[in-house]
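Please treat every number below as a calculation from the coordinates, not as lab data. Computed from a predicted model, the values in this text were never measured in an experiment. Cβ coordinates were reconstructed from backbone atoms using ideal geometry, including for glycine residues, and neighbour counts include every protein chain displayed.
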Amino acid sequence: MLFVGRQSEKKKIMEALNGGKNIILSGKFGIGRTRLINEIAKLSNERKFVFVDFSQTPGKMSEKIIKALGIPRRLKNQTKQMGYKSMRCRIANTNTAKGHKPVIVFDNIAKVTAQKKIFLRHLILEQHYQFIAVVENFLPQKDLFDLKAQLMPATTLNLRHLKQQDVENLLRGYVAQNHLNWKENYIHHLASLSDGYPLGLKEMLIKKGNPRKQKKDLKKNYRENMLIIMLCNDLL
Ligand SMILES: Nc1ncnc2c1ncn2[C@@H]1O[C@H](COP(=O)(O)OP(=O)(O)OP(=O)(O)O)[C@@H](O)[C@H]1O
Ligand SMILES: [Mg+2]
C-alpha cells in the first residue's frame, strides 16, 4: 500500500536522529508505527536500521542484530558459536559505524522484563548505537518510565490517525494502482467516512478490492438474515 502523510513525524524523527537522540514512538495497534519507521529507514540511505522484535528473548534479538550488522558469531580459531552473553558484549563493543551510528529499532515493546532491561543497558552503555523504541499503548507505566530513563536523551512521539487529505491521497493511489474508475466525490466521500485509522483503511480496501469476498459477505448476510426471519416466525 502506498505510504501517505506523516511529514511532521518524519521530520521530528529525522531531527532527533541527526541530533544524536533516541526515539520513543507510541500509538495504538495498527496506527502505522512500524510502517513509519520502515519508510524512514528506506529514505535514509546513509544510516543502517536494524529491526528487532522486542517480544523475542534477548538471545534471539542478539542473533538478529549480530547478523544484520555483519558481526562474526565465531571467535577467531574457534569452532563454537558465541553464547548470548558473548554476543551481547560483542554487539555493545563493536563500532560498525563509518558515519552515522546504526539505529536499532525495538518493535512491539509490550513489557520490559528484568532480563531485557539488562540487555538494553549493555547495548546502550558504549554509545555505538541509536535506538527507536516502538511501544504498545498498554506498556505498563513503570516499564515506560524505565525505558525513558534508559534511552535518555530521547524524543517521545505519539502517532495519531491520518488526516483526511492523506486518506484521500491513499485512496487515489489505490485507484491508480488497481485501474479503478472511482470518481473524485466518491473518494472524498469514502475519506470523510473513514476516521483515518490505517489498519481500518487497509481492511476496507481489501474488502472493496476483492469482489469474491464481497459476494461471500453478501451471501453470509443473506443467510444470517434468513435465519433471523425463520427464528422470528417460529417465535410468533
Ligand atoms: N501512513 C500510511 N500510509 C499508508 N499505509 C499505512 C500508513 N500507516 C500505516 N499503514 C498501513 O496500515 C497497516 C498498519 O500499520 P503498522 O503495521 O505499521 O501499524 P503498527 O502501529 O505498527 O501496529 P501493529 O504493530 O500492532 O501492527 C499496515 O498495513 C501499513 O502498511
Ligand atoms: Mg508494528
When only C-alpha pairs under 8 Å and at least 6 residues apart count, what is the relative contact order of the chain, in percent? 27
Roughly speaking, what is the stretch gain from residue 81 to residue 2, that is 0.36 nm per residue apart minus the C-alpha to C-alpha distance, in nm to one decimal? 24.3 nm
Straight-line reach from residue 10: which lysines have Cα under 25 Å away, leaving out those fewer than 8 places along the same chain? 21, 28, 42, 48, 98, 101, 148, 163, 202
Just to check I understand the Karplus step: with θ = phi - 60° and J = 6.51 cos²θ - 1.76 cosθ + 1.60, what whole-Hz values come out for segment 149-165, glycine and proline as x? 5, 5, 8, 4, x, 9, 9, 9, 9, 10, 7, 10, 4, 6, 6, 4, 4
Chymotrypsin sites (Phe, Trp or Tyr not before Pro) restricted to DSSP loop in segment 1-71 with at most 14 other C-beta within 10 Å: 29
In straight Cα distance, which aspartates and glutamates are under 16 Å from residue 11, not counting same-chain residues fewer than 8 positions off? 39
Under 18 Å Cα to Cα from residue 183, which lysines show up? Leave out anything in the same chain fewer than 8 places away. 208
Folded to 0 to 90 degrees: helix 58-69 orientation relative to the chain principal axis, Cα: 80
Out of 127, 159, 179, whose Cα points farthest toward the positive end of the dipole of segment 77-181 (charges: +1 Lys, Arg; -1 Asp, Glu; placed on Cβ)? 127
Projecting each Cα onto the charge dipole of the chain (Lys/Arg +1, Asp/Glu -1 at the beta carbon, about the Cα centre), which of 65, 16, 194 comes out farthest on the positive side? 65
Interchain or long-range residues, amide H under 5 Å from residue 155's placed H: 22, 23, 24
Among the Cα-Cα pairs of segment 7-158, the proportion with separation greater than 18 Å, in percent, is 56
Provide 174, 84, 129 in ascending order of the number of other Cβ atoms located within 10 Å of each residue's Cβ, fewest first. 84, 174, 129
Taking segment 96-160 and dividing mean pair separation by its residue count, relative contact order in percent (alpha carbons under 8 Å, at least six apart): 40
Roughly speaking, what is the stretch gain from residue 189 to residue 89, that is 0.36 nm per residue apart minus the C-alpha to C-alpha distance, in nm to one decimal? 30.5 nm
Might you report the magnitude of the Cβ-based charge dipole of the chain about its Cα centre, with Lys and Arg at +1 and Asp and Glu at -1, to the nearest 20 debye? 980
Please report the antiparallel percentage of DSSP beta bridges with both residues in the chain, rounded to the nearest 5. 5
